[in-house]
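Everything below concerns the one structure shown next.
None of the figures in this text is laboratory data; all of them are computed from the coordinates on show. Because the structure is a prediction, the values reported are computed rather than measured. Cβ placement follows ideal geometry from the backbone for every residue including glycine, while neighbour counts extend to all protein chains displayed.
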Amino acid sequence: MSDIDELKAEIRKLSAKAMKMKLNLHDLSEELPLNWTTIISVAQETYDAYAALEAARKKLKELEAA
């Protein structure tokens, strides 16, 4: 499997994780004020998931351009 193929597989995993975190954040917002103490941790996990996804997509573009 090439580096590009491996990165594409990783992007699919990261995308699924980011979508899951997005839904978790959405669910949390609908349940407020219940579980309000978890806002920061859920938001940070969501941020981290999307940051990792964006970084992987950038790396893929660089590999495809090379």
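State the Cα centre-to-centre distance between the stretch 52-66 and the stretch 1-44 in whole Å. If we compute the Cα centre of each part, the gap is 19 Å.
Taking 7 Å steps out from each Cα toward its Cβ at ASP48 and ASN35 produces label points 1.7 nm apart.
If you run the Gaussian network model on the chain, springs between alpha carbon atoms under 10 Å, then out of LEU28, LEU14, LEU53 the most flexible one is LEU28. Based on DSSP H segments of at least four residues, each scored -39500 (n - 2.57), the chain has a per-residue ellipticity at 222 nm of -30500 deg cm²/dmol.
Relative to the dominant Cα principal axis of the chain, helix 3-31 is inclined by about 10°. Which residues among the stretch 33-66 fall inside the zone where the amide N is under 19 Å from a point 7 Å beyond the Cα of MET19, along Cα→Cβ? In the stretch 33-66, the label zone of MET19 (backbone N under 19 Å from the point 7 Å along Cα→Cβ) covers 46-58.
For the chain, the longest principal axis of the alpha carbon atoms and the long axis of helix 39-65 meet at an angle near 10°.
Each Lys and Arg adds +1 at its Cβ and each Asp and Glu adds -1 at its Cβ; summed about the Cα centre, the stretch 1-43 shows a dipole of about 20 debye.
With the convex hull drawn around the C-alpha atoms of the chain, the volume per residue stands at 60 Å³.
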